[in-house]
Amino acid sequence: LQQDLSLILLFDMNYNLVFPKVPMRAEEITIPADVTPEKVPTHIVDYSVLDLLLIHKSHLFVITLPSVARMPLILVGNKSDLVEHSSMEAILPIMNQYTEIETCVECSAKNLKNISELFYYAQKAVLHPTGPLYCPEEKEMKPACIKALTRIFKISDQDNDGILNDAELNFFQRTCFNTPLAPQALEDVKNVVRKNLNDGVADNGLTLKGFLFLHTLFIQRGRHETTWTVLRRFGYDDDLELTHEYMFPLLKVAPDCTTELNHHAYLFLQSIFDKHDLDRDCALSSDELRDLFKVFPYMPWGPDVNNTVCTNDKGMITYQGYICQWTLTTYLDVERCLEYLAYLGYSILTEQESQAAAITITRDKKIDLQKRQTQRNVFQCNIIGMKNCGKTGILQGFLGRNLTKMRHIKEEYRSLYAINTAYVYGQEKYLLLHEVLSDSEFLSASGTTCDVVCLVYDVSNPKSFDYCTKIFKQHFMDSKTPCLIVATKSDLHEVKQDYSITPAEFCNKHKMPPPQSFTCNSVDAPSKDLYVKLTTIAMYPIIIGERGLISVISTVHLINSIPQAVATSSRLLFWYWDSLFKWEQQHSLSLTLSGDGNLYLSFALLHTMFSY
Ligand SMILES: Nc1nc2c(ncn2[C@@H]2O[C@H](COP(=O)(O)OP(=O)(O)OP(=O)(O)O)[C@@H](O)[C@H]2O)c(=O)[nH]1
Ligand SMILES: [Mg+2]
């Protein structure tokens with residue numbers, strides 16, 4: 001909304017001849033905000049023909065030249081005290097010709113007739129112009145206004161039945177005008193619509209047609225500030241575009257922090273899903289999806305989303321898939337997430353200041369490492385390996401698709417991301433897989449930034465492991481990002497890798513868990529094992545600071561039963577145990593003995609997970 005108004009008065013040249021003592025131009029006057037009906041400070045600038053330049057600095061002038069258009073104008077017939085009859089009839093054609101003219105008023109400076117009205121109309125013309133809303137020739141609202149109000153209707157129709165019932169109307173009223181409608185007022189509104197329109201009211205609620213009719217009526221009766229209040233509340237500016245402020249509230253994300261949706265945001269997204277899953281099959285058909293995104297200016301999800309998240313057997317995005325895609329957008333591009341939530345009317349429906357309230361910024365990863373604890377729910381794993389080694393197979397396997405299903409995916413609809421949940425210690429976490437496309441040994445920052453790396457080689461291709469070792473040495477050997485080596489296509493005959501030592505020996509040498517076998521050539525969905533392991537490592541990174549130094553990010557307590565765990569340990573467990581002690585010595589820390597089973601559990605879990 002305008003903070004400050006300037007009005008320019010363009011005076012008739014004869015004025016000074018009639019009242020020769022009046023100066024050519026009066027001093028600028030400011031009407032303070034609290035005495036104006038719209039509560040906006042208003043500067044009144046007198047104009048003499050010599051000062052044309054001034055016009056450009058103001059928001060309105062009272063009499064105008066058609067060439068200086070796009071500013072709202074008020075046509076004022078002064079000296080009404082001198083005539084018997086109104087000149088309004090003669091003025092109407094001029095009003096029709098110049099749509100910038102918001103209002104015509106006849107006034108008299110001599111007997112002060114309509115003078116305060118004139119300034120009221122002037123303020124109104126600037127603050128609530130009819131120009132963008134209404135076409136007087138056609139006597140109907142302009143398409144952009146209809147589009148905006150239709151979006152507002154859809155957002156307010158919370159059960160998506162095409163009707164604003166009393167509860168929805170009240171919520172709408174409270175949101176826009178801060179007061180609910182009295183039951184009688186509600187009935188009156190509906191009766192007005194009923195009287196004028198056949199299908200404006202249905203099931204005792206307002207249809208879209210009725211809603212649009214009401215706004216047309218407001219505008220036609222000079223109450224367009226009502227429509228503007230609604231439009232502005234839903235984020236629109238004077239050109240009926242959503243404002244930058246509404247779309248992109250300030251959200252500062254420091255490096256090494258990630259962005260997630262909080263519980264309230266998930267509940268909101270769930271309600272949006274439920275509202276559009278009309279057949280209640282827990283998946284969105286293409287029609288349902290299109291309907292959901294009708295409040296967007298464009299379709300945000302392309303067919304690649306169906307290959308990024310889980311779908312049902314008909315290929316529709318499931319509830320799980322829908323939630324995962326939102327999680328992905330929030331994690332990878334939080335600005336976009338804010339934009340999407342703005343289209344959905346998040347701040348309005350949840351009665352929050354802005355969509356920023358939907359976002360949790362996680363603490364710096366370095367603090368997580370220090371404290372050996374994380375509150376994060378979303379982790380990213382980069383999948384790296386030479387061409388054709390089976391990376392996409394791993395991504396699609398995470399969505400429960402085997403090789404046969406994967407082969408049906410059209411090349412142009414492939415996705416370099418896949419996101420799903422995995423359970424670690426009984427907690428559901430999101431794992432975001434990112435297939436890194438590179439055939440050289442050098443990765444860009446997006447290839448190396450993640451929580452865990454999956455280095456993939458193809459057991460049937462003798463050249464494929466060498467690539468993994470190069471990538472490892474180039475990028476990860478000295479980094480804090482944990483790595484897991486994965487041997488894909490394990491259903492095929494395994495050949496010897498062209499490398500000086502075997503993959504298992506390589507892992508041992510570099511203190512990594514042994515290579516993990518994977519195949520997506522299965523009858524059913526591929527095994528979930530690999531994904532649980534990747535999530536676990538991401539959550540509890542076996543930090544190999546100086547490679548060989550290990551810690552578990554969790555509250556580590558030793559318990560009496562540890563000796564049993566050690567007794568049943570594999571080589572990995574010994575290595576793990578050994579490194580933990582080395583780490584303890586190096587950092588002169590002592591591990592506490594308590595009855596808590598956490599460490600035992602971590603040991604046992606890691607032991608069973610990575611033993612081979
Ligand atoms: N037998 C068998 N074949 C597989 C498996 N995974 C992938 N393939 C086949 O291997 C080829 C490459 O698989 P992708 O998963 O596309 O490999 P990629 O690494 O993503 O390939 P690029 O993206 O081109 O680098 C395809 O022809 C797949 O059908 C598997 O587990 N077993
Ligand atoms: Mg691929």
- Item | Vicinal HN-Hα couplings computed from phi for the stretch 323-328 (Karplus, 6.51 cos²θ - 1.76 cosθ + 1.60; Hz; Gly/Pro x) | 5, 4, 5, 5, 5, 4
- Query: Which pairs in the list LYS39/LYS190; LYS195/LYS275; LYS142/LYS190; LYS154/LYS190 are over 28 Å apart, alpha-carbon to alpha-carbon?
  - Reply: LYS39/LYS190; LYS195/LYS275
- Note on the structure: Set LYS480/LYS511; LYS365/LYS470; LYS463/LYS489; LYS470/LYS496; LYS365/LYS391, cut-off 21 Å on Cα-Cα distance; pairs above it are LYS365/LYS470; LYS365/LYS391
- Item | Separation in nanometres of the label points that stand 7 Å from Cα toward Cβ, at ASP439 and ASN312 | 4.2 nm
- Item | Difference of contour (0.36 nm per residue) and Cα-Cα distance, SER286 to LEU250 | 9.6 nm
- Task: With θ set to phi - 60°, apply the Karplus curve 6.51 cos²θ - 1.76 cosθ + 1.60 along the stretch 412-425 and write out the HN-Hα couplings as whole Hz, x wherever there is a Gly or Pro.
- Result: 6, 9, 5, 10, 8, 10, 9, 9, 7, 9, 9, 9, 10, 6
- Taking the Cα-to-Cβ direction at VAL495 and at ALA144 and moving 7 Å from each Cα, how far apart do the two end points lie in nm? 6.4 nm
- Query: Cα convex hull of the stretch 431-485: how many Å³ per residue?
  - Reply: 86 Å³
- Compute the separation of the alpha-carbon centres of the stretch 256-298 and the stretch 381-428 and state it in Å as a whole number. 23 Å
- Among the listed pairs LYS410/LYS533; LYS410/LYS528; LYS209/LYS252, give every one whose C-alpha distance is greater than 31 Å. LYS209/LYS252
- Given backbone amide H placed at 1.01 Å from N, residues whose amide H is under 5 Å from that of LEU432, ignoring those fewer than 5 places away on the same chain, are PHE379, GLN380, CYS381
- With each pseudo-label sitting 7 Å past Cα toward Cβ, what's the LEU240-MET477 distance in nm, one decimal? 6.4 nm
- Task: Arrange the following residues from fewest to most other Cβ atoms within 10 Å of their Cβ: GLU428, GLU411, GLU441.
- Result: GLU411, GLU428, GLU441
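Values quoted throughout were computed directly from the atomic coordinates according to the rules given, and no laboratory measurement underlies them. Please read all numbers here as calculations on a predicted model, not as lab measurements. Neighbour counts are summed over all protein chains in view; Cβ atoms, including those assigned to glycine, are modelled from backbone coordinates with ideal geometry.
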